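Here's the structure we're looking at; comments come further down.
Just so you know, all these numbers are worked out from the coordinates, no wet-lab data involved. As the structure is a prediction and not an experimental result, all values here were calculated from the model. Counting neighbours? That spans all protein chains shown, and the Cβs are built from the backbone with ideal geometry, glycine included.
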Amino acid sequence: MRPALFRTRITEMLGIRHPILAGGLGPKVSDARYVAAVVNAGGMGFIVAAGFPDADEFRGQLRRCRELTQGKGFGVNLYISRQEGGVDRVRRQIDILVEEGVSCVETAGASPEPVMPLLKQAGIKVLHKVPAVRYALSSVRLGVDAVIVVGNDCGGHPGIYGIGSIVQAAHAAQVIDLPIVIGGGIGTGRQLAAVLAMGADAVLMGTRMLVTEELWIHPATKNLVVNGDGTESVVVKKAIRDHHRVFRNASAEAALALDDAKVTDFEQYRPHVMGALAHQAYVSGDTRTGMLDYGPAAVFADAVESAEAIFDRLIDDARTASERLGALELRT
């Protein structure tokens, strides 16, 4: 493992070696083994609570992660659904993660306002993830500890505005005083160095981490990412304003056809976007169906490696980028 190269507000807040976060992947994808590998490599990872709806299974994942990290802090992704019962579900998840001593959460979806008192009372750090700076400003007023801003090039949900990560990074640092994490299209150390230079405190990676050895998904799915160059991603569900960047397969094509026809009835999308399809693709390696989160950072995922090897490459690259910038500086 590389020694610490940068000290930022995020490394200090989370007690991690490197300013690198691995965002919550799809349901059941970011499990205890994967998150522990990220933490042990010097970063921060998040078990996706929505992937483990059974309370005992969820608790088991948290305990397994604690065991694998030998007591190091780790995170949980809490998706706050706007559907009826969504907040109550998250409250029950919070009760468990409080009992199990989870140190931080990555919240996403609807506003975390209804659950902020519970998280604050427990002393859990809240990093709220949003697809635009305007939403980040709203979350700051709620008392979150940090904001994660993802750009249009992120796999998953980039929001409706289509603003790129490089603009988000520069803008966020201008108007937000809290620690800032930038995601979307991130997969190299030179991007890490650039984001830090613009005033942010860490990067968040998703697609780049799909080739992690410790991730349980089928080898064929990992090889798909290794062999891709990022141009295989497409944004679907635009007609219903639920933009989703995914791998272009049969399910994505069906959703694109509905978008083109300006269909706004979600029930017509449902057969193509069910989470069970994506889970089956990860299990079987057959990626012809399912909404598989996939962004252009796939171009950087050129080999299946351990989380530590991926982080080492990022830190080496960030060091080289920093040195190059220093060498370009004019001195009088």
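General remarks:
- Taking amide hydrogens as placed 1.01 Å from N in the peptide plane, the amide H of residue 47 sits under 5 Å from those of 75, 76, 77, each at least 5 positions away in sequence or on another chain.
- Applying 1/(1 + (r/R0)^6) with r as the Cβ-Cβ distance of residue 253 and residue 327 and R0 = 45 angstrom yields a FRET efficiency of 0.40.
- Built amide H within the under 5 Å cut-off of residue 107, gap 5+: 78, 127, 128, 129
- Computed over segment 9-210: relative contact order in percent, which uses C-alpha pairs under 8 Å that are six or more apart: 18 percent
- Label point distance in nm, residue 260-residue 174, each placed 7 Å from Cα along Cα→Cβ: 3.8 nm
- Placing a pseudo-label 7 Å from each Cα along the Cα-to-Cβ vector at residue 113 and residue 59 gives an inter-label distance of 3.3 nm.
- Equivalent-ellipsoid semi-axes for segment 1-41 (Cα gyration tensor, √(5λ), whole Å, largest first): 22, 11, 7.
- Kirkwood Rh, angstrom, the chain [1 / mean 1/r, Cα pairs]: 19.9 Å
- Distance violations [Cα-Cα > 23 Å] among 28/262; 125/237; 72/222; 28/222; 129/238: 28/262; 125/237; 72/222
- Relative to the Cα centre, the charge distribution of segment 9-210, modelled as +1 at Lys and Arg Cβ and -1 at Asp and Glu Cβ, gives a dipole magnitude of about 260 debye.
- Bridges between two residues of the chain, per DSSP, are antiparallel at a rate of about 15%.
- Put a dot 7 Å past the Cα of residue 167, heading toward its Cβ, do the same for residue 142, and the two dots end up 2.4 nm apart.
- Cβ-based charge dipole, the chain, positive-most Cα from 49, 212, 135: 135
- Which of 282, 85, 19, positive extreme of dipole for the chain (C-beta unit charges): 19
- Ordered from longest to shortest, the equivalent ellipsoid semi-axes for segment 22-150 are 22, 16, 13 Å, each the square root of 5 times a Cα gyration tensor eigenvalue.
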